[in-house]
1. Which residues, taken from the stretch 260-272, are at pLDDT below 95 and not hydroxyl-bearing (Ser, Thr, Tyr)?
2. Using the structure shown, decide if residue 304 is within 20 Å of residue 261 (Cα to Cα) and without any contact (Cβ under 8 Å) to a residue 60 or more places away in the chain.
3. Are any residues in the stretch 233-253 touching a Lys or Arg at 6+ places or on another chain (Cβ under 8 Å), of a type outside the set (A, V, I, L, M, F, W, C) and crowded, with 20+ Cβ neighbours inside 10 Å, and if so, which ones?
4. Can you tell me how many residues within the stretch 84-126 are touching a Gly at 6+ places or on another chain (Cβ under 6 Å) and either at positive phi or at pLDDT 95 or above (or both)?
5. Kindly evaluate residue 118 against the criterion of being of a type in the set (S, T, N, Q) and within 30 Å of residue 321 (Cβ to Cβ).
6. Would you check if there is a residue in the stretch 65-80 being in contact (Cβ under 8 Å) with a residue 24 or more places away in the chain, within 30 Å of residue 97 (Cβ to Cβ), touching a Pro at 6+ places or on another chain (Cβ under 6 Å) and assigned to a loop (DSSP other than H, G, I, E, B)?
7. Take residue 190 and tell me if it is touching a residue at least 12 places away in the same chain (Cβ under 8 Å) and either part of a helix (DSSP H, G or I) or of a type in the set (Asp, Glu) (or both).
8. State whether the residues of the stretch 340-361 include one that is in contact (Cβ under 8 Å) with a residue 40 or more places away in the chain, in a helix (DSSP H, G or I), closer than 30 Å to residue 27 by Cα and open to solvent by 60 Å² or more (accessible area, probe 1.4 Å).
Amino acid sequence: MQIVGAVLDRTGAPPPYAVSGALRTSTLDLDPPGPGELLVRIEAAGLCHSDLSVVDGSRDRPTPMLLGHEAAGVVEAVGDGTGEDTDGGVGGPDGIAPGRRVVLTFLPRCGTCAACATDGRLPCTVGSAANAAGTLVGGAVRLHRDGAPVRHHLGVSAFATHAVVHRTSVVPVDDDVPADVAALLGCAVLTGGGAVINAGRPAAGDRVTVVGLGGVGMAALLVARALGHEVLGVDPVPAKLDLARGLGATAATPAEALDAALGTGERAPVVVEAAGSARAFETALALTAPGGTTVTAGLPGPDARASVAPLTLTAEARTVVGSYLGSSVPSRDIPRYVDLWRAGRLPLESLVSARIGLEDLPAALDRLAAGAELRQLITFDERITA
């Protein structure tokens, strides 16, 4: 079938992206799903900093590539053998039938490798290899343009009207979960919420501090609040601090937070760094209490370096934890977030800062790079055809 999607032809295009044309809306050919794969009509897709990191070249990926890794959609067709229950943890025979809404997640989990046996701490070896190669699990490339292959982004490629994905990249959700909410579960909530629940593991009554209030950081704040924790949100952007206060958190700029912590000694037992910068990581370390845990969930550039005093880690019995995709097992964690949302405790809708179309993506990348947005959500009109 023919689809319309946003293709990155080369990395490292200079900003402003609305001028340099980093992403180009193209007509592509999409092969039918093979064994263990699904054809999904995309309903909503979020623009994340990980997409920007591929565009600006700080995360090396093969091109041309159809971007987008955080999304929700409806299954339209299944490949041979896809309905069989496996240990990949994606539902079961009745969980992925045509007509079912699914969350698309950017790290497939085979369920059988040694990394999958770490209960989410390590990313799946099989899924990571496929993501690096720009293929689906099993090595397939289902996208083509003018007869030439177009690579898949993190097994999803959601900036398009349709996608073919491996079944280990989806988690079914019920129809009462709107597409706007379901899309956010695939990256922002899994990463930010998981950094709190799976990596930080605050005890009852612990204060949680979140450094960096983009989509992932604000999701961490929301989940920590949903679990009853007092939360301090730290970010230099006043509008984000105002939103954090509106969601029940206290809020401060990095300088204000550091001054308060150094002046009173009131540092937090759990601090989540979600900004993806060395400076934010250093700030998060400084805001962590003795005996506390610093969780780093952001993805800085590969050349970024931070200064750490080893004596502080030793003398204060500190723990520093890296958390990729929130150390999550999506099939286990997404239902938990859905339950919190249904209970009215997790207002995920507040993460959506703008709704855009595919044609708006270059300008949306500029707004994201400027730190002006949480989640810009692409919503699709199913009447769009090639």
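The values are calculated or read from the model by the stated rules, or taken from the named source; none is laboratory data. Note that this is a predicted model, so its numbers are computed, not measured. Please note: Cβ atoms are built from the backbone with ideal geometry, for glycine as well, and neighbour counts cover all protein chains shown. Accessible surface is based on the protein model in full, side chains and every heavy atom, while ligands, DNA and RNA are left aside. Shrake-Rupley method; radii C 1.70, N 1.55, O 1.52, S 1.80 Å.
1. Selection gives 260, 261, 262, 263, 265, 266.
2. When the stated conditions are applied, residue 304 does not pass them.
3. 233
4. Matching residues across the stretch 84-126 total 5.
5. When the stated conditions are applied, residue 118 passes them.
6. yes
7. Spelling it out, residue 190 is indeed touching a residue at least 12 places away in the same chain (Cβ under 8 Å) and either part of a helix (DSSP H, G or I) or of a type in the set (Asp, Glu) (or both).
8. Yes, the conditions are met somewhere in the stretch 340-361.
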